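Shown next, in structure tokens, is the structure this report addresses.
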Amino acid sequence: MFDFDMLGLAPTLNTALSRAGFAQPTPIQAQAIPLAMEGHDIMGLAQTGTGKTLAFGLPLVDHLLGEPGKPAPKTAKALILAPTRELANQIAESLRTLTDGTRLRVATVVGGQSLGRQISLLSRGTDILVATPGRLIDLMERGAVDLGQVRHLVLDEADQMLDLGVIHALRKIAPRLGTPRQTMLFSATMSKQMEELSRAYLTTPRRVQVSPPGKAADKVTQSVHFLDKAEKPGRLREILSRDEAALTLVFARTKHGAEKLMKGLVADGFNAASIHGNKSQGQRDRAIKAFRSGAINTLVATDVAARGIDIPGVTYVINYDLPDVPDNYVHRIGRTARAGREGEAIAFCAPDEADLLRQIQKLMKIEVPVARGNSPLAEGDDAAGGRRNGARRHRGKPAGGAGGAPKPAKRRRPRRPQAA
């Protein structure tokens with residue numbers, strides 16, 4: 001049986017892993033950690049929820065434990081860049097679990113928090129700096145941080161950095177980093193731009209991949225409900241009422257839509273909160289904390305939460321609105337079925353969202369099983385495999401016809417999709 005103590009990690013790390021309940025590495029960890037400990041640059045591809053944070057965090061901390069000396073004021077030895085505040089905070093929390101009781105310090109700088117407090121924090125120096133690029137540049141321009149001592153760079157969820165245009169910030173940050181350095185890039189999806197990013201910032205990287213890019217976690221059961229936009233609120237309440245104790249993450253497309261949806265659910269007696277770009281960082285942190293603890297069981301979010309929420313207990317992800325970017329669907333549904341658990345991803349598809357669903361199915365190379373309603377996708381236009389046989393357009397039978405009476409007593413679980 002392969003376990004962490006066979007990887008040659010420092011004893012203090014094995015102790016921290018045991019204390020946190022980690023016994024065996026996930027596939028991405030088993031492949032990436034030995035190569036990273038040898039000093040190679042890493043290009044890691046794995047679906048969300050597979051343990052990428054430990055895949056780069058363990059070798060990084062192991063290297064730093066072996067390096068003598070404390071960081072000088074305003075400097076950092078390692079830099080981890082994440083596209084969102086939530087993800088940066090999550091990474092830092094995981095790293096502090098590993099460094100607890102050691103001399104290593106972990107600092108986090110993200111937007112939405114006091115610049116003055118972050119300047120004071122960095123004045124003492126830190127071993128590991130976890131940051132969002134925008135806030136890091138703010139601090140660099142104020143002379144609050146010197147990145148010349150950074151010898152380890154991690155780009156986590158690099159594909160979302162491309163989606164958000166963060167690549168421009170990276171071009172400002174990279175020239176300020178120390179050399180030589182080890183760079184590790186991790187992503188759940190792959191594109192031509194990602195290949196270009198790898199060539200620009202990695203040196204003869206070792207590629208580790210445990211699933212095809214764009215593939216959802218194996219234990220996510222997916223389904224789609226075809227319905228009119230006006231039917232969405234009622235269908236959502238029907239689904240939430242079936243399993244009121246379950247943790248359910250609901251994705252809306254816009255900040256205004258998420259807030260309106262949350263307030264409507266609260267007015268109808270559901271225990272809900274919301275996170276989106278119009279919320280302060282404190283409000284977002286409190287909402288996630290309440291959701292994690294079960295104090296609230298329905299969290300309505302925009303794609304700000306598609307990455308960075310690592311809550312193993314999320315049972316359902318509901319795509320109330322389909323995302324404009326197909327990759328974001330993969331990341332959204334990756335919030336469930338984490339750490340080996342099972343989960344269910346339910347998508348609502350209104351007629352004007354049919355093309356979005358088509359793009360999602362093309363990316364994932366599957367046909368999402370139909371739970372209810374009639375598909376508006378045209379005959380012979382399946383995205384999953386280009387088949388022209390209309391009779392085989394969807395796997396699985398609808399749970400009820402369009403307009404059919406719901407059966408709230410028991411939810412029928414759709415069959416798991418298969419690769420086309």
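The values are calculated or read from the model by the stated rules, or taken from the named source; none is laboratory data. None of the values given here were measured: they were computed from a predicted structure. As a convention, Cβ positions derive from the backbone with ideal geometry for all residues, glycine included, and neighbour counts pool all protein chains shown.
What to note about this one:
- When residues in the stretch 76-107 are screened for being under 22 Å from the mean Cα position of the chain (by Cα) and of a type in the set (S, T, Y), 3 of them pass.
- Filtered by the rule that a residue be in a helix (DSSP H, G or I), out of contact with any Ser or Thr (no Cβ under 8 Å at 6 or more places or on another chain) and not polar (S, T, N, Q), the stretch 174-206 gives A174, P175, R176, K192, E195, E196, L197, R199, A200.
- Residue match in the stretch 199-207 (condition: among the β-branched types (V, I, T), closer than 30 Å to K362 by Cβ and assigned by TED's automatic domain parsing to the domain that holds E157): no
- Output for the stretch 158-191, where each listed residue is more than 24 Å from Q31 (Cβ to Cβ) and under 22 Å from the mean Cα position of the chain (by Cα): D163, L164, G165, V166, I167, H168, A169, L170
- Of the residues contained in the stretch 225-238, one or more are found to be in a strand (DSSP E or B) and buried (at least 16 other Cβ atoms within 10 Å of the Cβ).
- When the residues of the stretch 246-269 are filtered to those that are under 26 Å from E342 (Cα atoms) and touching a Gly at 6+ places or on another chain (Cβ under 9 Å), the one that is surrounded by the most Cβ atoms within 10 Å (Cβ to Cβ) is L247.
- Restricting G134, G148, G143 to those that are in a loop (DSSP other than H, G, I, E, B), under 28 Å from M194 (Cβ atoms) and either touching a Lys or Arg at 6+ places or on another chain (Cβ under 9 Å) or assigned by TED's automatic domain parsing to the domain that holds S187 (or both) reduces the list to G148.
- Answer from T302, T315 - the residue that is polar (S, T, N, Q) and without any contact (Cβ under 8 Å) to a residue 60 or more places away in the chain: T302
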